[in-house]
Amino acid sequence: MTVDGMQVGADDSVKALSKDEVGPSWYQKKEYELPFKSGKEIRVDPGVNTIFDAVTQAEDGDVLVLGEGKYSEEKIIKVEKVLSIEGASPDLVTILPQRSALFEISDNGALALQRVTLAGTDAPDAAGNTLIRTKKWGMLTNYRFTMDNVKVVDVDINHSFHFFSAGARSFATHFSVTNSHFETISGNVFAFNKEKDDLGIYNVEVLNISNNVFENVSGALALIYRGGTDESTFGPKVTLSDNTLTKVGHGKRNKRKASIFLHGVQKTNIRNNKFDSSAKVRIEHTVGEPQTTLSQNSFSNTDKPSIIDFLTAKDGCQCQ
């Protein structure tokens, strides 16, 4: 490159090396983050436990392609590998769990969902069900989750029926939900709030919720908790953009009284969302140098957002 008549930078002949070009040939280089859809396609027919059976046979990177119809799952599907599950359209493919959870992401697991409907109609009539969860305690590896163009309906057979709940000591490096529709949920949609011992750990690094519709949700759309005063982390980083919330967060069991509750989040970008008849956005600054941006949001019959800066508050953070 020439700048002001001087040659600067590396020569054009210098190229980046691939992993295979470095180190001894006999040493196998590990792929630390296997891409979704890097394996083979597996066709799955509708029926009882057909997804469970297909997941058992699948390998890392495989894609389960669901045929048109209904899928009744009588077992909790444990995700212990990198998997993608997709249908042709949410109107053509419906998955109905009959246990307290549909998917459980465990060690070495990562999950991508696309173009299906998840319905809680056949779930057990019990409080505290969850459509998707991680191991309840002590995951040894991080995980990823992506979801695009999915319908989530009738998650209300009993109270506190959540869509996604992260367990203690679980950590999502990347969690993204886009172009999806959530309707009638008696619990929370995304709960990343299990690290209550305030040691500076948290359940998600990057959270992206964009271009979705949320209707009639008793709990919160998002609960993110990063406690403690340790400043050695850069997250959580949260983006919520171009979403529509209608009647979200007013359930009597929503202790935070918020549609979105962010505690200790380091980077927040909430932009171009529409809030209608929903609980307010509640943000608490507790550690580090948090960067919070709220822009171009509309609030109809919804209280304005609340930002509490415990970093400058006289009495400090009264964490709950």
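Rule-based calculations on the coordinates, nothing more; no lab input. None of these values were measured; they are calculated from a predicted model. Heads up, the Cβs are rebuilt from the backbone with ideal geometry, glycines too, and the neighbour counts pull from every protein chain shown.
Hey, can you rank 134-143, 245-254, 23-32 by average C-beta count inside 10 Å, highest first? Write down the numbers at each step before the final one.
Details: 134-143: 16.6, 245-254: 19.7, 23-32: 7.5.
Output ranking for 134-143, 245-254, 23-32: 245-254, 134-143, 23-32.
Using 0.36 nm times the number of residues separating Glu68 and Ser38, minus their current alpha carbon distance, what extension gain do you get?
Using 0.36 nm per residue and subtracting the Cα-Cα distance, I get 8.4 nm.
Can you give the net charge of the other residues whose Cβ lies under 13 Å from the Cβ of Thr244, counting K and R as +1 and D and E as -1?
Working: positive: Lys247, Lys274; negative: Glu183, Glu215, Asp242, Asp276.
Around Thr244, the surrounding residues sum to -2.
Using the Karplus curve 6.51 cos²θ - 1.76 cosθ + 1.60 with θ = phi - 60°, what ³J(HN,Hα) values do you get for each residue of the stretch 278-289, in whole Hz, with x for Gly and Pro?
10, 5, 6, 7, 10, 10, 10, 8, 10, 7, x, 10
Which whole-Hz couplings ³J(HN,Hα) result when phi for each residue of the stretch 43-52 is put into the Karplus expression 6.51 cos²θ - 1.76 cosθ + 1.60, θ = phi - 60°, listed in order with x for Gly and Pro?
Those phi angles translate into 7, 10, 8, x, x, 9, 6, 6, 5, 4 Hz.
Is it possible to state the helix-based mean residue ellipticity at 222 nm for the chain, with each DSSP H run of 4+ residues giving -39500 (n - 2.57), the sum divided by total residues, to the nearest 500 deg cm²/dmol? What is it?
Values: 1 runs with 8 residues, N = 320.
After summing the helix terms and dividing by the residues of the chain, the value is -500 deg cm²/dmol.
Going 7 Å from the Cα of Ser100 along its beta-carbon direction, which residues of the stretch 110-150 have the amide nitrogen within less than 18 Å of the resulting point?
120-139
Nearest 0.05, what FRET efficiency do Lys274 and Ser13 give at R0 = 35 Å with Cβ-Cβ as r?
The calculated FRET efficiency here is 0.10.
Show me the ranking of peptides 112-122, 217-227 by mean Cβ neighbours inside 10 Å, starting with the highest.
On the way: 112-122: 20.4, 217-227: 25.7.
Top to bottom by mean Cβ count within 10 Å: 217-227, 112-122.
Please list, short to long, the whole-number percent of alpha-carbon pairs of the stretch 165-320 in consecutive 10 angstrom bins beginning at zero.
All Cα pairs, binned at 10 Å, distribute as 12, 44, 36, 8, 0 percent.
Taking H placed 1.01 Å from N in the peptide plane, check which residues at least 5 places from Val204 or on another chain put their amide H under 5 Å from its amide H.
Sorted by chain and number, the residues that satisfy this are Ala172.
If you take the beta carbon distance between Leu294 and Asp242 as r and set R0 to 22 Å, what does 1/(1 + (r/R0)^6) give as a FRET efficiency, to the nearest 0.05? Intermediate results must be reported in sequence, preceding the final value.
Values: r = 14 Å, r/R0 = 0.63.
The formula returns an efficiency of 0.95 here.
Under the Karplus relation 6.51 cos²θ - 1.76 cosθ + 1.60, θ = phi - 60°, what is the ordered set of whole-Hz ³J(HN,Hα) values for the stretch 201-218, x standing for Gly and Pro?
Per residue, the Karplus-derived 3J(HN,Hα) values read 9, 7, 9, 8, 8, 10, 10, 10, 10, 9, 6, 10, 10, 10, 10, 6, 10, 6 Hz.
Taking a threshold of 30 Å on the Cα-Cα distance, which of the pairs Lys30/Lys70; Lys196/Lys252; Lys70/Lys304; Lys30/Lys75 fall above it? Before the final figure, lay out the partial values.
Numbers: Lys30/Lys70 38 Å; Lys196/Lys252 22 Å; Lys70/Lys304 42 Å; Lys30/Lys75 32 Å.
Among Lys30/Lys70; Lys196/Lys252; Lys70/Lys304; Lys30/Lys75, the Cα-Cα distance tops 30 Å for Lys30/Lys70; Lys70/Lys304; Lys30/Lys75.
Using 15 Å as the cut-off for backbone N distance, which residues of the stretch 67-101 belong to the label zone defined by a point 7 Å from the Cα of Thr56 along Cα→Cβ?
73-80
Specify whether the C-alpha gyration tensor of the chain places it in the rounded, prolate or oblate class, a ≥ b ≥ c being the square roots of the eigenvalues: rounded for a/c under 1.5, otherwise prolate if a/b is larger than b/c and oblate if not. Working shown, then result.
Working: a/c = 1.68, a/b = 1.05, b/c = 1.61.
Because a/c hits 1.5 or more and a/b fails to exceed b/c, the chain counts as oblate.
Separation of the stretch 61-99 and the stretch 135-169 by C-alpha centroid, Å?
The two parts, judged by their Cα centres, are 15 Å apart.
When N counts the residues of the stretch 237-320, how does its alpha-carbon radius of gyration compare numerically with 2.2 N^0.38 Å, as a ratio?
Values: Rg = 13.0 Å, N = 84, 2.2 N^0.38 = 11.8 Å.
Cα Rg divided by the expected 2.2 N^0.38 Å: 1.09.
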